Amino acid sequence: MHAFTVERLSFASLTELPHSWQNQDYRALLQLMNYDNPDEIKEAELKDMCLMSFTDLEPREAAEVVLGYLFPEQLNAGQIENLAHQMLTEKLWEENPELPLHKGFYQTTELLHTAYNGTFPRAQAVQFRVKCTAANPDDLAIFADAPAAPLVRLLAQGLPDNALINRLFTEQLAGPRFDEAQHMLWGLTTVSTATDAVVFDVVSSAYWLEDFKYADVYEATTHADAVVAPEE
């Protein structure tokens, strides 16, 4: 186990993920909606034009367009149709069991919530900075290759015992593998590093890490995931 002092430096609630949608995305979505010549639209007008084009469709149809764009390989037509229907009333980034799809479900909902003025559920995410100071500077190496798992293990210790991560992932927090961690952190950026400390910028769902806003400074231990040998 590696000992750290964890300090929350900032915390904010979000309804849109940073850089969630780019101009090339709006153009691609307009093409999928058979908009004529989206390349001729001024960049400053692309988002508004895309949102306006959505409203020419039924909300469920719009959800199918966006899900098909984000998950061309992961989802088939039947799955997209079912999920688009569920998306009107359910927070799929919380309720769907497939964690690798959660960020895309959130992105879809945040865009369509804006386009349809609240027809879709309100999306809520969090963004915060956290400083991890190692008791032994050499322990910073655990963040070198796959930082999500050791970081989530540290963050979980700043949450209440009844927080979802602590209740649902007890074995992963203590065990050799926590593959789900990478899908909980929708954005993970190293802001700065020092001899004995690193500062991360984290974006995640409020579902997982809303309660981290109550964390201050605390001591915690963590470990990196065990390396899985490649199959021969």
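The values are calculated or read from the model by the stated rules, or taken from the named source; none is laboratory data. Model, not experiment: these values are computed from the prediction. Quick reminder, even Gly has a Cβ in these numbers, built from the backbone with ideal geometry, and neighbours come from all protein chains shown.
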In the stretch 100-131, how many residues are closer than 26 Å to TYR214 by Cβ, among the β-branched types (Val, Ile, Thr) and more than 15 Å from the chain's Cα centre (by Cα)? 1
Which condition does GLN182 not pass, out of (1) under 17 Å from TRP93 (Cβ atoms); (2) of a type outside the set (Ser, Thr, Tyr); (3) buried (at least 17 other Cβ atoms within 10 Å of the Cβ); (4) in contact (Cβ under 8 Å) with a residue 40 or more places away in the chain, if it passes all the others? (4)
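Looking at this structure, is LEU164 in the same structural domain as ASP216 (by TED's automatic domain parsing), surrounded by 21 or more Cβ atoms within 10 Å (Cβ to Cβ) and closer than 14 Å to SER204 by Cβ? Break it down stepwise before answering.
Numbers: in the same structural domain as ASP216 (by TED's automatic domain parsing): yes; surrounded by 21 or more Cβ atoms within 10 Å (Cβ to Cβ): no; closer than 14 Å to SER204 by Cβ: yes.
It is false that LEU164 is in the same structural domain as ASP216 (by TED's automatic domain parsing), surrounded by 21 or more Cβ atoms within 10 Å (Cβ to Cβ) and closer than 14 Å to SER204 by Cβ.
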Which is among the aromatic types (Phe, Trp, Tyr) and either in a helix (DSSP H, G or I) or more than 14 Å from ARG60 (Cα to Cα) (or both), of PHE105, PHE120? PHE105
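In the stretch 96-105, is there at least one residue being aromatic (Phe, Trp, Tyr) and either surrounded by fewer than 20 Cβ atoms within 10 Å (Cβ to Cβ) or touching a residue at least 60 places away in the same chain (Cβ under 8 Å) (or both)? Let's see the steps before the verdict.
Going through the stretch 96-105, the residues aromatic (Phe, Trp, Tyr) turn out to be 105.
Right, trim to either surrounded by fewer than 20 Cβ atoms within 10 Å (Cβ to Cβ) or touching a residue at least 60 places away in the same chain (Cβ under 8 Å) (or both) and you get none.
So far as the stretch 96-105 goes, no, none of its residues is aromatic (Phe, Trp, Tyr) and either surrounded by fewer than 20 Cβ atoms within 10 Å (Cβ to Cβ) or touching a residue at least 60 places away in the same chain (Cβ under 8 Å) (or both).
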Please list, ordered by first then second residue, the pairs with beta carbon atoms under 7 Å, 6 or more apart or interchain, first in the stretch 146-160 and in the same structural domain as MET184 (by TED's automatic domain parsing), second among the small types (Gly, Ala, Ser) and assigned to a helix (DSSP H, G or I). ALA148/ALA181; ALA149/ALA181; VAL152/ALA181
Yes or no: PHE54 in contact with a strand residue (DSSP E or B) (Cβ under 8 Å, 6 or more places away or on another chain) and either crowded, with 16+ Cβ neighbours inside 10 Å or more than 24 Å from ASP201 (Cα to Cα) (or both)? no
Only one of (1) crowded, with 17+ Cβ neighbours inside 10 Å; (2) under 25 Å from THR15 (Cβ atoms) fails for THR189. Which number is that? (1)
Answer from GLN74, GLN79 - the residue that is farther than 30 Å from ASP196 by Cβ and either assigned to a helix (DSSP H, G or I) or assigned by TED's automatic domain parsing to the domain that holds ALA163 (or both): GLN79
Unmet requirement for ASP56, which otherwise passes all of (1) in a helix (DSSP H, G or I); (2) out of contact with any Gly (no Cβ under 9 Å at 6 or more places or on another chain): (1)
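Just to check your reading of the model, which residue among ALA134, ALA229 is outside the structural domain of GLU110 (by TED's automatic domain parsing), at pLDDT below 95 and over 17 Å from the mean Cα position of the chain (by Cα)? Don't jump to the end; show me each part of the working.
Numbers: ALA134 fails: at pLDDT below 95.
Criteria check complete, one pass: ALA229.
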Selected residue (criterion: nearest to GLN127 (Cα to Cα)) from residues of the stretch 195-216 that are more than 21 Å from the chain's Cα centre (by Cα) and exposed (fewer than 12 other Cβ atoms within 10 Å of the Cβ): ASP216
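Yes or no, residue by residue, for (1) of a type in the set (Asp, Glu); (2) at pLDDT 95 or above; (3) over 29 Å from ASN96 (Cβ atoms):
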| site | (1), (2), (3) |
| --- | --- |
| THR5 | no, yes, yes |
| SER10 | no, yes, yes |
| GLU16 | yes, no, no |
| SER20 | no, no, no |
| GLU43 | yes, no, yes |
| ASP56 | yes, no, no |
| VAL66 | no, yes, no |
| GLY78 | no, yes, no |
